[in-house]
Amino acid sequence: MTAATVTAPAAAAAAAGAAADGALRVGILGGGALGLAAALRLVQAGCRVTVLEREARLGGLAVGFRVGQSDLEKFYHHIFGTDTAVTGLIAELGLSHRLVWAHPDTSVLWGGRRAGLDSPADVLRFPFLPPLDRLRLAASLAVLKLAPNERPFAGQTAAAWIRRVMGRRVYAVLWEPLLRGKFGARAEEIAMSWFWSRIHERTTNLGYLRGGFQQLYDALGARIQTLGGRVLTETAATSLTAAGGAGGAGGVAVETTGPGGATGRHVFDRLLVTLPTPLFARLAAAPGGAALPPDWIARFVDGGPDHYAAHCAVLALDRPLLPAVYWLNVNDPGYPFLAFVEHTNLMPPEDYGGRHLIYLGNYVPPGDRLMTEPAAATRERMLAALPRLRPDFDPAWVTDSWMFKAPYAQPIVTTDYLRRLPPHATPLPGVYLANMAHVYPQDRGQNYSLRLGQRMAQQILAGAARR
């Protein structure tokens with residue numbers, strides 16, 4: 001449902017900010033996994049919930065676009081066997097029959113050769129390391145799998161821990177290319193807690209919602225509305241203001257623009273902002289906005305966690321490129337992409353009109369040329385690298401391509417990360433903040449955002465009960 005489909009009486013009631021039944025009025029900025037999970041639990045608890053999403057479709061970084069008869073995520077997605085929050089919601093929304101599990105090939109490219117690294121047996125026969133290093137690698141991975149949390153690794157960087165425990169050769173061949181590929185000049189700063197999570201939480205069994213994860217977010221939006229909530233797409237927040245004068249005793253007002261430039265005002269008792277922290281600060285600083293204290297800005301915006309952007313080139317081919325490989329970590333230098341993901345080695349090409357679909361993924365600093373150069377130039381650079389993976393590759397095999405970019409996609413998790421991370425309760429009365437940076441120590445992922453959204457609903461309800 002878009003803002004244009006909301007009835008005039010409903011819009012007027014929201015603008016007036018009156019909940020005739022005394023229910024808690026909760027607004028949520030952002031219709032991604034986090035915001036929708038919070039909205040569902042809040043509306044189930046009897047709150048009057050309104051979700052405001054600036055894009056035309058729900059889903060955030062997991063949003064899909066149509067390819068054939070299915071939706072494909074703009075940025076590659078799958079889930080792991082440990083992802084109980086997302087599998088629980090899939091079941092709750094009646095989509096379990098669409099959830100497919102598989103054990104696809106995930107490999108590493110090194111020295112122009114590929115080798116699997118998705119099972120203990122693969123680790124012990126990994127050809128790019130001598131036997132003793134393989135044993136050190138296997139033992140270290142077992143330690144990370146068995147460690148129940150990240151606390152034993154507090155204050156340590158991943159690079160230093162890996163070199164010390166796994167060995168310098170293991171670091172140089174396996175982990176340094178990945179850290180540098182993902183974090184560039186910040187690779188040496190990345191906290192060991194982040195690396196622990198990457199190893200601890202992952203499984204070789206991968207899940208995918210056949211037809212696309214867009215089904216999950218559409219179903220969440222529909223369930224929220226069925227229960228009485230409102231989901232407004234193509235509706236962008238432009239400022240936050242205190243609705244009741246000094247102290248915000250009357251709640252918080254969100255000014256918006258919608259389709260055709262139509263403006264609106266929505267008043268809430270509580271507001272959950274799921275946008276990146278700098279965007280939240282920008283809304284609060286807009287003319288007439290509810291300004292955040294300078295010391296909060298200095299610590300959590302200017303001094304807060306940094307982020308890299310995500311860029312994905314998606315190619316449609318008339319044939320498979322690497323028929324046996326789903327995921328390839330590109331550890332060789334000189335490639336214009338970090339990850340090669342042949343999605344149709346996980347899901348059948350028939351789901352996408354017979355197209356074979358490939359992601360070429362990158363994480364880059366905000367000023368990287370991938371974020372500004374024309375799509376045609378990026379496409380040519382990507383295609384020029386593919387003969388290194390398959391010598392007989394012909395650009396004529398590519399029948400279509402798409403380019404997607406997302407700022408604030410990858411938090412830079414340093415050893416002082418928690419000190420720089422803003423608390424959920426903000427200085428603005430009734431306003432809460434939760435975004436991708438808050439899934440620490442986990443790294444991104446639908447599961448962790450959905451789980452955090454449900455926790456935020458609990459926190460908002462608990463805070464309301466104390467007043």
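The values are calculated or read from the model by the stated rules, or taken from the named source; none is laboratory data. Only a predicted model underlies this, so the values are computations on that prediction, with no experimental measurement involved. All Cβ positions, glycine included, derive from the backbone under ideal geometry; neighbour counts span all protein chains shown.
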Return yes or no: is L93 farther than 20 Å from L272 by Cβ, hydrophobic (A, V, I, L, M, F, W, C) and either modelled with pLDDT of 95 or more or buried (at least 22 other Cβ atoms within 10 Å of the Cβ) (or both)? yes
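Has the range 138-145 got at least one residue that is among the polar types (S, T, N, Q) and more than 26 Å from the chain's Cα centre (by Cα)?
Start the filter on the range 138-145 by keeping residues that are among the polar types (S, T, N, Q), which leaves 140.
Applying the additional criterion that residues be more than 26 Å from the chain's Cα centre (by Cα) yields 140.
Yes: the range 138-145 contains one or more residues that are among the polar types (S, T, N, Q) and more than 26 Å from the chain's Cα centre (by Cα).
For the range 60-76, what are the residues that are in a loop (DSSP other than H, G, I, E, B), touching a strand residue (DSSP E or B) at 6+ places or on another chain (Cβ under 8 Å) and of a type outside the set (S, T, Y)? It would help to see each step written out before you state the result.
So in the range 60-76, the residues in a loop (DSSP other than H, G, I, E, B) come out as 63, 68-69, 74-76.
Add one more test, that the residue is touching a strand residue (DSSP E or B) at 6+ places or on another chain (Cβ under 8 Å), and what stays is 63, 74-76.
Those that are in a loop (DSSP other than H, G, I, E, B), touching a strand residue (DSSP E or B) at 6+ places or on another chain (Cβ under 8 Å) and of a type outside the set (S, T, Y): V63, K74, F75.
Mind listing whichever residues of the range 292-311 are among the hydrophobic types (A, V, I, L, M, F, W, C) and in contact with a strand residue (DSSP E or B) (Cβ under 7 Å, 6 or more places away or on another chain)? Break it down stepwise before answering.
Within the range 292-311, the first condition is being among the hydrophobic types (A, V, I, L, M, F, W, C), and the residues that meet it are 292, 296-298, 300-301, 309-310.
Result: A309, A310.
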Taking interchain pairs and intrachain pairs at least six residues apart, which have beta carbon atoms under 6 angstrom, with the first residue in the range 169-183 and at negative phi and the second at pLDDT 95 or above and assigned to a helix (DSSP H, G or I)? R169/D133; V170/D133; V170/L137; Y171/I162; Y171/R163; W175/I162; L179/A187; R180/A187
Residues (closer than 11 Å to P422 by Cα and either surrounded by fewer than 11 Cβ atoms within 10 Å (Cβ to Cβ) or among the acidic types (D, E) (or both)) located in the range 287-304: none
How many residues are over 17 Å from the mean Cα position of the chain (by Cα), within 30 Å of V165 (Cβ to Cβ) and not hydrophobic (A, V, I, L, M, F, W, C) when one looks only at the range 192-231? 5
Among the numbered criteria (1) crowded, with 20+ Cβ neighbours inside 10 Å; (2) farther than 30 Å from T256 by Cα; (3) over 23 Å from the mean Cα position of the chain (by Cα), which single criterion is violated by A284? (2)
Of (1) surrounded by 17 or more Cβ atoms within 10 Å (Cβ to Cβ); (2) over 23 Å from the mean Cα position of the chain (by Cα); (3) in a loop (DSSP other than H, G, I, E, B), P104 fails just (2)
Report whether or not P323 is assigned to a loop (DSSP other than H, G, I, E, B), in contact with a Pro (Cβ under 7 Å, 6 or more places away or on another chain) and on the phi < 0 side of the Ramachandran plot. no
